[in-house]
Amino acid sequence: MLRELAGAIEQTLTQWLGYTPTLNEMILIPMVPVFLAGFVLEWVRTRRRTGTWSAGRGEPFYWRETLANFSLGAGYLVTGALMNLLFLAAVFAFAWNHRFYTVPINAGTVILAFFVVELCYYVFHRTSHRVRWFWCQHVSHHTGVVMNMSTASRQSILNGIVGTWLFYLPAVLAGFTPELVLGLLAANLSFQWFVHTEAVGRLHPWLEWWFNTPSNHRVHHGRNPLYIDRNYGGVIMLYDHLFGTYQREEEAVEYGIVRQIKSHNWFVLNLHELVDMARDIMAPGPIGQRLKHLWKPPEWDREGHSPIHTWTVEDMARS
């Protein structure tokens, strides 16, 4: 039954896309109606609880923020498909052909693969916050100043360009099939749609300790000093506990980034950090210091150089 369903999904998506989809796409694209249904239910529940159907500035469903979220998500899906066609499928095939071992697929190894992919995601996620090159693609996800499920779709067109796929190649080289790795990653990302919400409060402490709950993920999106660079897990919080990055929700979350971009423009939200980084690198100074903008943390300031902001920002660290 499941094999027949997967075959039907693959055939339908092949007709729509014009090429054979990856398992990642076979999971994420059919989930879109489910994501939208969850968003609508969240909106209705929130509106009934608050007693108003308006969506003004600062409210969880502020319309300009929500439209920006969905437009960024659409760009992410289109550019992701393009990247797969151009080179990503070939890169993962190359890694598989040069794997060190072949891991047989059974119940035990699928569970093992889950923890491996979750570790890959943790490393990717933490690096995306601490290395500016990767922050260039991840920052758009964090520029939202309200929280609802559509925030999960706030993704970047730069994912394939900056090389986020590099973090999952070790799992393929270790012997897990690209289909399994990408399928688990798609399941991971699908799960995360439902933790971008204020409609669910704190859950049982056991669930909060083990899983990426809405409460844990609200912390991750906070620019409060207590919350910055915390809770990187996708589905589970195991690696956050192991590596000391876990933080429970203790105070009201202020969403956004420390140097908050003041724009809802699609191009600005996708490219502002990349443009600013390039301009910082090109600014006068020793070449060795200028190149550090590529791998230093986003907040790093070069001595004798003031950070360049091409578009208006609100510096919460200094305001």
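The values are calculated or read from the model by the stated rules, or taken from the named source; none is laboratory data. Computed from a predicted structure; not experimentally measured. As a convention, Cβ positions derive from the backbone with ideal geometry for all residues, glycine included, and neighbour counts pool all protein chains shown.
Could you tell me whether I228 is crowded, with 20+ Cβ neighbours inside 10 Å, of a type in the set (V, I, T) and farther than 24 Å from E42 by Cβ?
Taking the combined requirement at face value, the residue does not satisfy it.
So the check is Cβ under 9 Å with 6+ separation or different chains; which pairs have a first residue in region 254-267 that's surrounded by fewer than 17 Cβ atoms within 10 Å (Cβ to Cβ) and a second one that's among the β-branched types (V, I, T) and not in a loop (DSSP other than H, G, I, E, B)?
Within 9 Å, the pairs are K262/V313.
With under 15 Å from the mean Cα position of the chain (by Cα), buried (at least 19 other Cβ atoms within 10 Å of the Cβ) and in contact (Cβ under 8 Å) with a residue 60 or more places away in the chain as the only criterion, which of L182, L189 stands out?
L182
Looking at region 15-28, which of the residues that are assigned to a helix (DSSP H, G or I) and under 13 Å from L85 (Cβ atoms) is modelled with the lowest pLDDT?
L17
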